[in-house]
Amino acid sequence: MADDSDAPEVELEARLAEQDSFEPPAAFVEQANVSDPGIYEEFEENWPECWERAADLLDWEQEYSEILDDSEAPFYEWFGDGTLNASYNCIDRHIENGRKNQAAIRWEGEPGETRTYTYQDLYREVNAFAAALRELGVGEDDVVTLYMPMVPELPIAMLACARIGAPHSVVFAGFSADALATRMNAADSEYLVTCDGYYRRGDALNHKEKADRGLRGVDHDVETVVVDRLGDELKHFLGQHHHDYADLVAAHEGEEVEPVERSAEDMLFLMYTSGTTGQPKGVKHTTGGYLAYAAWTSHAVLDVKPEDTYWCAADIGWITGHSYIVYGPLALGTTTMMYEGTPDYPDRDRMWDLVDKYKVDVFYTAPTAIRAFMKWGTKYPERHDLSSLRLLGTVGEPINPRAWKWYYKHIGDESCPVVDTWWQTETGGMMITTLPGIGDMKPGSAGPPLPGISADVVDATGDPVEAGQAGYLVVNKPWPGMLRTLYRNDDRFISEYWQEYSDPDADEWVYFPEDGAKIDEDGYITVLGRVDDVINVSGHRLGTMEIESAIVGVPGVAEAAVVGGHHEVKGEAVYAYVITEDGYEGDESLREKIIDGVDEAIGPIAKPEQVIFTPELPKTRSGKIMRRLLEDIANDEELGDTSTLRNPEVVEDIAEKVRGESEE
Ligand code: PRX
């Protein structure tokens, strides 16, 4: 039976299908924070001094005298001798500016209860919790791990850490106990703030049990603080070295903690992300450059204004939430929204219900969510008044033109620009996107690099490719929000990002983000996806090696190869090709054990969509697994050249198996 969203969909296709460029709506341009096209030239001519414009969005305790120090490239320093405090910039100064009663955070729990923190409320709780952390022993530069779902205590804990100069390391709540332990051990983190549980599609999930299991894998003593989110719904017990969050805040109620003066280059936080090897990378971001960049891009790209209600529907456990739920918007003194649950609870209109109820001005989400909304149909957004929206954004993966146009039409009513923002955990903030008050939008293409950002698409030798040709994305100049290093691993920092296209002898440093891309004659860049062994499932970055090592940890598995295959909603899905050990059957029970093993080692997001048992994997003569062929098989595409394989005959066998399973 035809879905009732089909008719408008057909009409939309007909009208918009041909259109491949959209001008920013005049009403938007008129009020945009940035609308002078001269900004591109101004930044280019004035580089790196142009970045003062970002730094000027912050209050500095001690002004910096040098903008960029590139003497130790690629270990760049930005605003190096300036000092500031991020918590002061996100809270105190707005109060000093007479805005203490403005809402800083509006939160809605999945069951529907709401909380609002004004800037004054935020000040009180951040100070009390900062005092509590100090009393627990947290000193400047001690890494505090935050393993929490979307509750207001998460940004409060981040800002409390920032206030006392303790870098935080947020671990996504959907990650497993093992993933928590790995990250706490890697950072020698002796403090953990976590939560008893949270709601997901109406169920109360026990989070503390997972945190406790994680703690058993930590190789040093830890002081743990537990937020009671679920109350009577889930009873929990506090053991030795466990503290109740509310008790700590009550005990320190009314205390004020002087914001610690931090050097611009001091670490604000660590964020672990997936890379090519099994070991996650500890991306280090700084207090001055990162915060200035998050604030500047929130201002220029997201057009955030203090009087807005702004909603980035990401999870704070990822970089998007750090930069665009917490630091960017709060540095600009706006009202930032947080929602605890899923978009389809209690019904598939929850997001639009929230936009309507809170009169959201700016909405920023991921293509995977947009694809799901599109699949559910227009009747859900049509139930609500979305006219408060002024700007829409997307991030995390390529967005196909059809989804872009659906978002533009059915959510933005053709009157909101859509910014497709390319960036990464490592870049700290947006790098490639149109400026909504200036550039024409081309669905499917992120746009030109932002002013002051020098990016290009090159071939394997580093020469720029011609318009329309696929190549590798590179960034040729440093920028304030860039990662400074990988925590305790400068060598890996160089080898991961700076080896491929740099010429150290000539002191020429080129950053390689490990994405493929195309560029058109107008300089618009379309990012095609990762060229390393990282896959992107629902906008979540996962290392295939991490998943493989979880799978080979399951008894009965001899070898495994993991690739990403196209998925209608998730973008990519995990395909695992598995060879069993002698004496083991590739049966349903082993399949379940593999899926559970991945869940346990990483978390549910990494669970394989398909597990394909095979007696062999396609390998080159030198023994390297031909992943590209496995990807072709997963995508049911024509198989590439198999002539260089040691065992070409296995390819067709595997392909048949996958086809068979898809038909089941
Ligand atoms: O492959 C690119 C993809 O997401 C990767 C970065 O993932 P992560 O560090 O988890 O950060 C995600 C949120 C910033 C990139 O290397 N990516 C991100 N944004 C886009 C994108 N691919 C295409 N278009 C985008 N707008």
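Please go through the range 107-140 and pick out each residue that is in contact (Cβ under 8 Å) with a residue 24 or more places away in the chain and either among the polar types (S, T, N, Q) or touching a Cys at 6+ places or on another chain (Cβ under 6 Å) (or both).
Gln120, Asn127, listed by residue number.
Within the range 277-284, can one find any residue that is crowded, with 23+ Cβ neighbours inside 10 Å, within 12 Å of the ligand (Cβ to nearest atom) and basic (Lys, Arg)?
yes
Surrounded by 13 or more Cβ atoms within 10 Å (Cβ to Cβ), in contact with a Ser or Thr (Cβ under 7 Å, 6 or more places away or on another chain) and in the same structural domain as Ser538 (by TED's automatic domain parsing): does that describe Pro608?
no
Checking the conditions here, which among Leu16, Leu84, Leu58 is within 25 Å of the chain's Cα centre (by Cα), touching a residue at least 12 places away in the same chain (Cβ under 8 Å) and crowded, with 18+ Cβ neighbours inside 10 Å? Step through it out loud before you land on a result.
Values: Leu16 fails: within 25 Å of the chain's Cα centre (by Cα); Leu84 fails: within 25 Å of the chain's Cα centre (by Cα).
Going through Leu16, Leu84, Leu58 in turn, just one is within 25 Å of the chain's Cα centre (by Cα), touching a residue at least 12 places away in the same chain (Cβ under 8 Å) and crowded, with 18+ Cβ neighbours inside 10 Å: Leu58.
Give me the residue from the range 564-578 that is among the aliphatic types (A, V, I, L, M) and at pLDDT 95 or above and, out of that set, farthest from the ligand (Cβ to nearest atom). First the steps, then the outcome.
Filtering the range 564-578 for residues among the aliphatic types (A, V, I, L, M) gives 569, 573-574, 576, 578.
Now narrow it down to the ones that are at pLDDT 95 or above: 573-574, 576, 578.
On the way: Ala573: 16, Val574: 16, Ala576: 21, Val578: 26 Å.
For the range 564-578, the residue satisfying everything is Val578.
Let me confirm something: among Glu661, Glu656, Glu652, which residue is part of a helix (DSSP H, G or I) and at pLDDT below 85? Talk me through it step by step, then tell me what you get.
Working: Glu656 fails: at pLDDT below 85; Glu652 fails: at pLDDT below 85.
Being part of a helix (DSSP H, G or I) and at pLDDT below 85 holds for just one of Glu661, Glu656, Glu652, which is Glu661.
Which ranges mark the strands (runs of 3 or more DSSP E) fully within the range 312-428 that have 1 or more residues being hydrophobic (A, V, I, L, M, F, W, C) and under 27 Å from Gly109 (Cβ atoms)?
On the way: elements: 335-339, 362-365, 391-395, 418-421.
Result: 335-339, 362-365, 391-395.
Scan the range 363-390 for residues that are more than 19 Å from Tyr339 (Cα to Cα), out of contact with any helix residue (DSSP H, G or I) (no Cβ under 6 Å at 6 or more places or on another chain) and not basic (Lys, Arg) and report the count.
Adding up the residues that qualify gives 4.
Looking only at the range 497-510, how many residues end up being within 12 Å of the ligand (Cβ to nearest atom) and touching a Ser or Thr at 6+ places or on another chain (Cβ under 9 Å)?
Total meeting the criteria: 0.
Considering only the range 61-169, give the helices (runs of 4 or more DSSP H) lying wholly within it that have at least 2 residues that are small (Gly, Ala, Ser), in contact with a helix residue (DSSP H, G or I) (Cβ under 7 Å, 6 or more places away or on another chain) and more than 30 Å from Phe43 (Cα to Cα).
Filter on the range 61-169 gives 119-136, 153-163.
Would you call Gly516 surrounded by fewer than 20 Cβ atoms within 10 Å (Cβ to Cβ), closer than 30 Å to Asp70 by Cβ, touching a residue at least 40 places away in the same chain (Cβ under 8 Å) and within 11 Å of the ligand (Cβ to nearest atom)?
For Gly516, the condition - surrounded by fewer than 20 Cβ atoms within 10 Å (Cβ to Cβ), closer than 30 Å to Asp70 by Cβ, touching a residue at least 40 places away in the same chain (Cβ under 8 Å) and within 11 Å of the ligand (Cβ to nearest atom) - is met.
So Arg200 passes all but one of these: (1) surrounded by fewer than 17 Cβ atoms within 10 Å (Cβ to Cβ); (2) out of contact with any Ser or Thr (no Cβ under 8 Å at 6 or more places or on another chain). Which condition number does it fail?
Exception for Arg200: condition (2).
The rows are residues; the columns are (1) free of Cβ contacts under 8 Å to residues at least 40 places away in the same chain; (2) in contact with a Leu (Cβ under 6 Å, 6 or more places away or on another chain); (3) among the small types (Gly, Ala, Ser).
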residue	(1), (2), (3)
His384	yes, no, no
Ile399	no, no, no
Asp413	yes, no, no
Glu426	no, yes, no
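So, of the residues in the range 419-440 that are farther than 19 Å from His540 by Cβ and surrounded by fewer than 24 Cβ atoms within 10 Å (Cβ to Cβ), which turns out to be nearest to the ligand (Cβ to nearest atom)?
This residue is Gly439.
Can you pull out every residue in the range 537-563 that is hydroxyl-bearing (Ser, Thr, Tyr) and either over 21 Å from Thr277 (Cβ atoms) or modelled with pLDDT of 95 or more (or both)? Write out each step before concluding.
Step one: filter the range 537-563 for residues hydroxyl-bearing (Ser, Thr, Tyr), giving 538, 544, 549.
Ser538, the sole residue that qualifies.
For Lys208, are the conditions met, namely being touching a Ser or Thr at 6+ places or on another chain (Cβ under 6 Å), basic (Lys, Arg) and surrounded by 21 or more Cβ atoms within 10 Å (Cβ to Cβ)?
Spelling it out, it is not the case that Lys208 is touching a Ser or Thr at 6+ places or on another chain (Cβ under 6 Å), basic (Lys, Arg) and surrounded by 21 or more Cβ atoms within 10 Å (Cβ to Cβ).
With in contact with a Ser or Thr (Cβ under 6 Å, 6 or more places away or on another chain) and in a helix (DSSP H, G or I) as the only criterion, which of Ala250, Ala294 stands out?
Ala294
Kindly check whether there is at least one residue in the range 332-340 that is crowded, with 24+ Cβ neighbours inside 10 Å and within 16 Å of the ligand (Cβ to nearest atom).
No, because not a single residue in the range 332-340 is crowded, with 24+ Cβ neighbours inside 10 Å and within 16 Å of the ligand (Cβ to nearest atom).
Would you point out which residue out of Ile551, Ile535, Ile525, Ile547 is of a type in the set (Val, Ile, Thr), within 16 Å of the ligand (Cβ to nearest atom), farther than 30 Å from Asp20 by Cα and crowded, with 22+ Cβ neighbours inside 10 Å?
The unique qualifying residue is Ile547.
Does Leu629 satisfy the condition of being surrounded by 15 or more Cβ atoms within 10 Å (Cβ to Cβ) and more than 19 Å from Thr276 (Cα to Cα)?
For Leu629, the condition - surrounded by 15 or more Cβ atoms within 10 Å (Cβ to Cβ) and more than 19 Å from Thr276 (Cα to Cα) - is not met.
Only residues that are outside any strand (DSSP E or B) and within 18 Å of the chain's Cα centre (by Cα): list them for the range 547-582, please. Lay out the reasoning, then the answer.
Step one: list which residues in the range 547-582 are outside any strand (DSSP E or B), which gives 547-556, 568-570, 581-582.
Correct list: Val569, Lys570.
State whether one or more residues within the range 558-574 are crowded, with 22+ Cβ neighbours inside 10 Å and touching a Pro at 6+ places or on another chain (Cβ under 6 Å).
Taking every residue of the range 558-574 in turn, at least one turns out to be crowded, with 22+ Cβ neighbours inside 10 Å and touching a Pro at 6+ places or on another chain (Cβ under 6 Å).
All but one of (1) under 16 Å from the mean Cα position of the chain (by Cα); (2) crowded, with 24+ Cβ neighbours inside 10 Å; (3) within 16 Å of the ligand (Cβ to nearest atom) hold for Gly317, so report the exception by its number.
If we test Gly317 against (1) under 16 Å from the mean Cα position of the chain (by Cα); (2) crowded, with 24+ Cβ neighbours inside 10 Å; (3) within 16 Å of the ligand (Cβ to nearest atom), just (2) comes out false.
In the range 14-51, what count of residues is obtained for those that are in contact with a helix residue (DSSP H, G or I) (Cβ under 8 Å, 6 or more places away or on another chain), modelled with pLDDT under 95 and assigned to a helix (DSSP H, G or I)?
Total meeting the criteria: 1.
Are any residues in the range 441-475 within 16 Å of the ligand (Cβ to nearest atom), assigned to a loop (DSSP other than H, G, I, E, B) and of a type outside the set (Gly, Ala, Ser), and if so, which ones?
Selection gives Lys442, Pro443, Pro448, Leu450, Ile453.
The values are calculated or read from the model by the stated rules, or taken from the named source; none is laboratory data. Since this is a predicted model, take the numbers as computed values, not measurements. All Cβ positions, even for glycine, are placed from backbone atoms using ideal geometry, and neighbour counts span all protein chains on display.
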